[in-house]
Amino acid sequence: MDPQLLALLVLGGASLLLVLRVPIAYCLGLAACLGLLLFFSWRPGGDPDFARGLVPTLSILGSTTFGFVHNFELSMIPLFIGLGHVAYQARITTDLFDALQVWTARLPGGLAIASVLGCGGFSAITGSSVACASAMGRIAVPEMLRHGYKPTLATGSVAAGGTLGSLIPPSLLFVIYAIFTDQSVKNLFLAGILPGALSLAGYVATIVVWAKLQPSVAPRPALAFTAAERRAALGKLWPVGLLLLVIVGGIYLGVFTPTEAAAVSLSVAILIGLARRHLTWTGMAEALSVTVRQTAMIFVIAMGAKLFVSFISLTRVTPAALEWLQGTGADPALVVLGIVVFYVVIGMFLDSIGILVLTLPFMVPLVEGYGFDLVWFGVVVVKLLEIGLITPPIGLNVFVIKACTPDNVGLEQIFRGVALFLLLDLVVLAAILLIPGLSLWIPAMAL
Amino acid sequence: MGPLSDPGLGTPGRHTLLERGGVTAAGLALVTLCLIVTLNVISRALWRAVVPDDILLVSELMLIVILGPIALVTAEREHIEVTVFTERVGQGGRRLLACLGHLAGIAFFGFLLAAFWKLTLKSWQTGEFYDGLLAIPQWPGQALATAAFAGIILRLAFLLRTDLTGGRERP
Amino acid sequence: PGLAPRAEAATVIRYADYGPNRGSRAEALQWWADQLKQRSGGDLSVEFHWGGALLSGKATLNGLSTGVADAGTVIGFFTPSELRGYNLGDLPVDNSDEWVGLRAFYDLSKHNAAMKKEFDKANVAYLSNFTTGPIQLICTKAVKSVADLSGLKIRASGPYGKALAALGADVQRMSQADVYPALDSGVITCNQNYFYAMKAYKQYEVASYVTELDWGQNMSFGIFMNKDSYAALSEKDRKVVDAVSSDFVDHMAQVMIDELAADRAAMVKGIDGKAITIEKFSEADRAKVVADGKTQVDGWVKAASDAGLDGAALLADYEAKIKAYAAEKAAKGYPWAR
Ligand code: NA
Ligand code: NA
């Protein structure tokens with residue numbers, strides 16, 4: 001069978017299964033298995049011989065999958081997920097929020113600002129946006145509601161702030177992007193810093209403007225903190241500061257590698273928790289259990305995707321498609337715009353890791369073919385995926401926040417709450433697209 | 001997709017001892033690999049790395065971290081799905097779709113099971129090992145992975161039976 | 001069949017390589033593919049799958065033996081047991097002339113019966129070979145003697161790592177990509193490397209001393225083919241493959257010699273203000289290093305014998321070939337300069 005026809009058939013089959021609610025991992029994995037079997041059994045111009053095709057099929061399935069799960073660098077994924085969960089259980093996250101709250105008390109929307117800053121700080125020690133939203137959601141949202149904040153601001157700010165989790169390094173999405181594009185994890189991490197900081201600043205500005213224009217959303221609490229209290233609050237920041245130092249020292253100063261940084265910071269977080277007696281054995285077991293289950297889930301889907309990539313690469317369908325696209329003479333800027341619109345639309349419905357593994361096999365050759373920088377493109381994609389976390393109808397962060405707010409706060413309210421932040425996100429996205437330096441300056445300085 | 005559990009399908013029943021053991025083993029493996037790396041970073045800074053072949057040991061432990069929990073994750077129906085197109089499907093239809101998913105999963109992991117079985121067999125026959133100080137043989141890790149795939153297939157078969165009969169879940 | 005004229009169907013060789021499609025090794029592979037096409041009159045063409053997209057370095061031997069790809073770059077390091085004989089090419093044998101070493105190792109791999117048996121068993125055919133060029137150390141401080149190696153933190157890999165450890169070094173394992181920051185921050189003092197990779201990874205920017213050990217090469221990586229795909233070639237095509245693959249050895253050696261010399265000169269002269277200083281061991285110290293390498297080789301011979309391979313005979317054959325090619329080079333110079 002003609003390989004490119006086969007690729008189209010398999011792609012069609014996988015899409016059909018996807019629509020029929022078959023888990024993404026199985027859709028991609030099974031499509032890859034059957035595609036490989038047909039590819040090896042049915043050489044162009046000949047008759048199918050499945051007995052013969054099975055040998056190379058099983059060989060590539062075995063070695064590709066094994067290489068993926070038997071992997072030192074990828075231990076970064078469970079370690080950075082675990083760091084977030086342990087930091088939460090060890091009350092490091094709570095302390096962070098408490099301390100920030102003291103310092104932002106006088107600002108309009110001070111608690112919301114503390115929440116967003118807390119998200120930013122927590123993002124710097126965890127790899128996952130959803131972990132970020134759920135940790136801050138559990139801590140900050142009830143606090144804001146208690147002080148009479150309107151649910152739209154209380155939930156919207158944390159749902160949006162949570163999206164910093166993947167843009168500010170460390171970041172699982174960058175690690176997965178690095179695997180599928182063969183880019184350096186470190187460079188991607190560095191590239192995320194400025195766009196992440198810009199988003200964070202933007203969110204804070206959004207809150208200030210919103211609270212000024214509509215003071216009823218954020219009543220000023222009667223709390224006033226003394227200078228001594230503020231100094232004391234600073235003291236609560238040392239665990240986050242220490243973890244940050246480990247990660248920064250490891251990844252950015254080269255004292256150790258990103259993988260080592262992940263392991264050392266997790267060890268440090270556990271030690272801090274145990275030493276301060278905040279981390280109980282139950283809490284630890286809970287954190288580990290959630291971590292390994294999320295890890296397994298992520299790896300199963302990435303495994304399916306990895307096999308799918310092997311199959312697609314074997315059929316050479318992407319170079320052919322790229323040649324066709326370039327033959328149409330489309331303007332590169334238009335192509336980028338098309339990609340952005342595509343990700344915004346698909347981001348409304350799908351989960352970020354799912355989108356990443358589904359689209360990268362096709363996007364990367366395209367983007368490379370047009371001569372764009374893959375690190376810059378990684379930042380663009382991650383920002384788009386983050387936006388997808390808070391767009392209706394499927395916004396994972398919004399769901400997570402919903403799960404930790406009282407029942408009288410509806411999903412629509414939260415989606416309305418993120419609207420302003422989404423607007424800001426579009427501005428930041430435009431900046432990332434138009435000023436590649438935002439992403440590329442820091443990695444360039446580091447080498 | 002999403003944290004909202006699907007009311008149309010049976011809630012997860014009891015997990016087998018092996019499934020729960022898999023999660024525990026994965027958690028312990030994660031802590032162990034974390035300790036190995038940390039220990040080597042510290043000892044390397046002070047003197048010299050004390051754990052030999054740390055990269056290989058971590059890779060072996062990663063097998064447990066990743067594959068240990070997959071049967072339980074499957075039992076809890078935690079795999080990510082695209083749900084937008086089938087939101088209006090009724091309970092019966094939802095169950096049929098779930099069965100399709102289980103079948104696809106069984107087929108996919110069936111391929112992987114066969115592939116890993118062959119991989120294990122070959123490593124066993126050639127006596128292949130990882131080049132390093134400890135000369136760790138390749139087959140034990142691969143055999144463990146093979147067993148994990150067998151476990152997940154078994155769990156999918158149970159889920160299939162549950163969803164076909166509409167009955168309560170039992171391992 | 002019959003008398004009707006039949007157009008010879010073109011054979012497409014699906015090739016799996018672990019590395020990127022740029023750099024001199026990729027260019028040399030492209031040369032191999034171009035020569036195949038040209039000399040077979042268009043019968044043979046090569047379809048490359050770069051960057052491990054089809055098979056990673058670890059998976060290539062198995063992938064070739066099962067027919068995932070028809071040909072590919074096999075790295076012996078990943079299969080220490082299955083390719084025990086072929087792993088001889090990575091051992092610290094005093095053999096640092098690119099052409100002499102490569103030619104000798106190619107001859108051994110292509111014609112030695114024990115090697116042939118090993119490749120047959122793995123269901124692959126050996127076609128040709130690569131080399132990294134001689135092993136050197138790039139360091140953040142001057143390392144001038146064996147005594148300097150004691151306690152020194154060196155990133156090294158494979159048998160050379162073991163050999164350096166035996167000389168008292170504190171050997172660390174990390175990927176070449178992680179070396180730059182590790183040298184910069186002082187996590188390691190030295191890195192075992194080859195001139196072209198020092199330049200490619202810009203390690204000269206953070207470490208300005210290179211100790212020229214000229215201590216053997218890494219050669220246990222080459223071009224292999226699925227045995228059935230090889231056997232299925234027409235007699236004529238197989239002869240073309242063999243001839244081109246043999247010429248590839250000379251081509252590869254010439255490319256490496258020119259490139260290493262150019263890279264060395266560029267780094268000594270300085271790039272953007274960063275230059276390296278070349279250090280050398282004294283004759284006595286270099287003898288110590290070579291003797292230490294000999295211990296590693298002896299260890300390999302023993303392990304090979306334990307596994308049922310006559311390591312001593314293989315080594316003797318290899319050393320004889322090194323001697324013969326060294327003599328040829330002394331008498332006639334390199335083939336491309338004759
Ligand atoms: Na993060
Ligand atoms: Na969305």
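Only the coordinates and a few stated rules stand behind these numbers; no lab work does. Every value quoted in this text rests on a predicted model; they were computed, and no experiment measured them. Cβ sites come from the backbone with ideal geometry, for glycine too, and all protein chains shown count toward neighbours.
If you wrap a convex hull around the C-alpha atoms of chain A and split its volume per residue, what is the figure in Å³? Mind showing how you got there, number by number?
Details: hull volume 66.6 nm³, N = 447.
In chain A, the Cα convex hull volume per residue is 149 Å³.
Please report the projected area of region A:335-447's Cα convex hull averaged over all directions, in nm². Write out the running numbers ahead of the final one.
On the way: hull surface 32.2 nm².
Answer in nm², one decimal: 8.0.
Using only the alpha-carbon atoms, how far is helix A:110-123 inclined from the longest principal axis of chain A? Give it as 0 to 90 degrees, nearest 10.
40
Neighbouring Cβ atoms within 10 Å as the yardstick, rank B:M62, C:M267 fewest first.
Values: B:M62 27, C:M267 23.
Listed from fewest to most nearby Cβ atoms, that is C:M267, B:M62.
Among A:A296, A:A262, A:A227, which one moves the most in a GNM of chain A with springs linking Cα atoms closer than 10 Å?
A:A227
Which number do you get for Rg(Cα) / (2.2 N^0.38 Å) in region A:33-190? Numbers along the way, then the final one.
On the way: Rg = 23.0 Å, N = 158, 2.2 N^0.38 = 15.1 Å.
Cα-based Rg divided by the globular estimate yields 1.53.
Obtain the nm distance between the two label points defined at A:E286 and B:A157 by a simple spin-label model: each point lies 7 Å from its Cα along the Cα-to-C-beta direction.
In this crude spin-label approximation the distance works out to 3.7 nm.
Could you give the radius of gyration (one decimal) and Dmax (whole number) of the Cα atoms in chain C, in Å?
Values for chain C (Cα only, Rg and Dmax): 20.7, 76 Å.
Cα centroid distance between region A:254-332 and region C:127-145, in Å?
The distance from the Cα centre of region A:254-332 to that of region C:127-145 comes to 34 Å.
Give me the inter-chain shielding for A:342-352: mean count of other chain Cβ atoms within 10 Å, whole number please. Could the numbers behind the result be given before it?
On the way: counts 0, 0, 0, 0, 0, 0, 1, 5, 6, 6, 1.
Mean inter-chain Cβ contacts per residue within 10 Å come to 2.
Between B:Q125 and B:E87, what's the calculated FRET efficiency when r is the beta-carbon distance and R0 is 45 Å? Round to 0.05.
Numbers: r = 51 Å, r/R0 = 1.13.
For R0 = 45 Å, the calculated efficiency reads 0.30.
For the protein assembly as shown, which cysteines have no second Cys with its Cβ under 4.7 Å from theirs?
That list is A:C27, A:C33, A:C119, A:C132, A:C404, B:C34, B:C99.
Could you tell me the center-to-center distance, by alpha carbons, between region A:135-212 and region A:101-118 in angstrom?
Each part's Cα centre sits 15 Å from the other's.
Taking springs between alpha-carbon atoms closer than 10 angstrom, which of A:A131, A:A232, A:A305 fluctuates most in the Gaussian network model of chain A?
A:A232
Could you please rank C:C190, A:C404, placing first whichever residue has the fewest other Cβ atoms within 10 Å of its Cβ?
Working: C:C190 29, A:C404 18.
Exposure proxy ranking, most exposed first: A:C404, C:C190.
Give the long-range amide H neighbours of C:T132: residues separated by 5 or more places, or on another chain, with amide H under 5 Å away, using H modelled in the peptide plane at 1.01 Å from N.
Amide H neighbours of C:T132, under 5 Å, 5+ apart: C:N218.
Relative contact order for chain C using alpha-carbon pairs under 8 Å, separation at least 6, rounded to a whole percent?
Values: 599 pairs, mean separation 80.8, N = 338.
After rounding, I find 24 percent.
To the nearest 20 Debye, how big is the dipole of region C:232-307 about its Cα centre, given +1 on the beta carbon of each Lys and Arg and -1 on that of each Asp and Glu? Walk me through the numbers on the way to the answer.
Working: 11 positive and 15 negative charges, 34 e Å.
For region C:232-307, the charge dipole is close to 160 debye.
Return the distance in nm (one decimal) between the two label points of a simple spin-label model at C:A113 and A:S184, each offset 7 Å from Cα along Cα→Cβ.
Reported label-point gap for C:A113 and A:S184 is 5.1 nm.
Using amide H atoms built 1.01 Å from N in the peptide plane, name the residues 5+ places from C:L127, or on other chains, whose amide H lies under 5 Å from its own.
C:I223, C:F224, C:M225
Can you tell which of B:L96, B:L57, B:L119 lies farthest toward the positive end of the dipole of chain B, using +1 and -1 charges on the Cβ of basic and acidic side chains (Lys, Arg; Asp, Glu)?
B:L96
Treating the beta-carbon of each Lys and Arg as +1 and of each Asp and Glu as -1, no other charges, what is the dipole magnitude of the protein assembly as shown about its Cα centre, to the nearest 20 debye?
Computed charge dipole of the protein assembly as shown: roughly 2040 debye.
Could you compute the FRET efficiency for B:A107 and C:D228, with r as their C-beta to C-beta distance and R0 at 30 Å, rounded to 0.05? Could the numbers behind the result be given before it?
On the way: r = 29 Å, r/R0 = 0.95.
It comes out at approximately 0.55.
Near A:L366, within a Cβ-to-Cβ distance under 15 Å, what is the net charge of the other residues, with Lys and Arg +1 and Asp and Glu -1? Walk me through the intermediate numbers first.
Working: positive: A:R316; negative: A:E323, A:D331, A:E368, A:D373.
Computed value for this residue: -3.
Shielding by partners for B:80-93, please: the mean number of other protein chain Cβ atoms within 10 Å of each residue's Cβ.
Average per residue, whole number: 5.
Pick out, from A:F342, A:I247, B:L159, the residue whose Cα sits farthest towards the positive end of the charge dipole of the protein assembly as shown, with +1 on the Cβ of Lys and Arg and -1 on the Cβ of Asp and Glu.
Positive-most Cα among the choices belongs to B:L159.
Per DSSP H run of at least 4 residues, take -39500 (n - 2.57); add these up for chain C, divide by its residues and hand me the 222 nm value, nearest 500 deg cm²/dmol. Could you put the intermediate results ahead of the total?
Values: 12 runs with 162 residues, N = 338.
So the helix-based figure for chain C works out to -15500 deg cm²/dmol.
Using +1 at the C-beta of Lys and Arg and -1 at the C-beta of Asp and Glu, which of C:A53, A:A227, B:T146 has the Cα lying farthest in the positive direction of the dipole of the protein assembly as shown?
Farthest towards the positive pole: A:A227.
Using label points projected 7 Å from each Cα along Cα→Cβ, tell me how many nm separate C:N123 and A:A403, to one decimal.
It works out to 4.6 nm between the two label points.
How long, wide and thick is region A:1-70, going by the Cα atoms along their three principal axes, in whole angstroms, largest first?
Projected onto the principal axes, the Cα atoms of region A:1-70 cover 35, 31, 17 Å.
Taking R0 as 41 Å, what's the FRET efficiency between C:A26 and C:E328 from their Cβ-Cβ distance, rounded to 0.05? Could you put the intermediate results ahead of the total?
On the way: r = 29 Å, r/R0 = 0.71.
Computed FRET efficiency for C:A26 and C:E328: 0.90.
By the scheme Lys and Arg +1, Asp and Glu -1, what is the net charge of all other residues having a beta-carbon under 12 Å from that of B:G127? It would help to have the intermediate numbers written out before the result.
Values: positive: B:K122, C:R84; negative: B:E128, C:E82, C:D306.
Once all neighbours under 12 Å are counted, the net charge is -1.
Residues in region A:173-197, backbone N under 17 Å from the label point at A:E368 (7 Å along the Cα-to-beta-carbon vector): list them, ranges by number please.
Only A:176-185, A:188 pass the distance filter.
Skipping prolines and chain starts, which residues have an amide H placed within reach, meaning under 5 Å, of the one on C:E279, given they are 5 or more residues away or on another chain?
Long-range HN contacts for C:E279: C:V210, C:T211, C:E212.
Give the Kirkwood hydrodynamic radius (Å, one decimal) of region C:15-74, defined as one over the mean of 1/r across all pairs of different Cα atoms.
For region C:15-74, the Kirkwood estimate is 11.7 Å.
What's the center-to-center distance, using Cα atoms, between region A:378-419 and region A:428-442 in Å?
Using only Cα atoms, the two centres lie 24 Å from each other.
When the distances between all Cα atoms of chain B are binned every 10 Å from zero, what whole-number percent does each bin get?
Spelled out bin by bin, chain B gives 9, 29, 28, 19, 11, 4, 0 percent.
What ranking do A:F39, A:F256 get, fewest neighbouring Cβ atoms within 10 angstrom at the top? Please report the intermediate quantities before stating the final value.
Working: A:F39 21, A:F256 27.
Fewest-to-most ranking of A:F39, A:F256: A:F39, A:F256.
Express the Stokes-Einstein translational diffusion coefficient of the protein assembly as shown in µm² s⁻¹, to the nearest whole number, given a Kirkwood radius over alpha-carbon pairs, 20 °C and a viscosity of 1.002 mPa s. Before the final figure, lay out each step's value.
On the way: Rh = 29.9 Å.
Here the translational diffusion coefficient equals 72 µm²/s.
Can you compute the radius of gyration and Dmax for region C:1-159, using only the Cα atoms, both in Å?
19.4, 76
Structure shown: which of C:K141/C:K269; A:K306/C:K58; C:K117/C:K329; C:K153/C:K321; C:K199/C:K329 lie over 26 Å apart, alpha-carbon to alpha-carbon? Provide the component values of the computation, followed by the final result.
On the way: C:K141/C:K269 18 Å; A:K306/C:K58 16 Å; C:K117/C:K329 30 Å; C:K153/C:K321 35 Å; C:K199/C:K329 28 Å.
Over 26 Å Cα-Cα: C:K117/C:K329; C:K153/C:K321; C:K199/C:K329.
Taking 0.36 nm per residue of sequence separation and subtracting the Cα-Cα distance, how much length would be gained by fully extending the chain between B:L46 and B:T32, in nm to one decimal?
3.0 nm
May I ask you to list the lysines whose Cα is less than 30 Å away from that of A:K212, ignoring any residue fewer than eight positions away on the same chain?
Correct list for A:K212: A:K150, A:K236, A:K383, A:K402.
Could you derive backbone 3J(HN,Hα) for region A:325-333 from the dihedral phi with the Karplus parameters 6.51, -1.76 and 1.60 (θ = phi - 60°), listing whole Hz in sequence and x where the residue is Gly or Pro?
For region A:325-333, the Karplus-derived couplings read 5, 5, x, 6, x, 5, 5, x, 4 Hz, x marking Gly and Pro.
Once you average over the residues of B:56-64, how many Cβ atoms of partner chains fall within 10 Å of each Cβ?
On the way: counts 3, 1, 8, 8, 2, 4, 12, 4, 2.
Taking all residues of B:56-64 together, the mean is 5.
Once both axes come from the Cα atoms, what is the angle between helix A:24-41 and the longest principal axis of chain A, in degrees from 0 to 90, rounded to 10?
Helix A:24-41 sits at roughly 20 degrees to that axis.
Kindly provide log₁₀ I(q)/I(0) values, in the same order as q = 0.12, 0.15, 0.22 Å⁻¹, from the Debye equation applied to equal alpha-carbon scatterers of region A:164-247.
With one equal scatterer per Cα and no solvent, log10 I(q)/I(0) is -0.62, -0.83, -1.06.
Which residue fluctuates the most in chain A, going by a Gaussian network model with Cα springs under 10 Å, if the choices are A:V102, A:V19, A:V381?
Of A:V102, A:V19, A:V381, the Gaussian network model singles out A:V19 as fluctuating most.
From the gyration tensor of the Cα coordinates in region C:195-338, what semi-axes in whole Å does the equivalent ellipsoid have, largest first, with each one equal to sqrt(5λ)? The partial results should precede the final answer.
Working: eigenvalues 214, 122, 56 Å².
Those come to 33, 25, 17 Å.
Suppose every K and R has +1 on its Cβ and every D and E has -1 on its Cβ; what is the size of the dipole of chain C about the Cα centre, in Debye to the nearest 20?
Values: 38 positive and 42 negative charges, 12 e Å.
Charge dipole of chain C: 60 debye, to the nearest 20.
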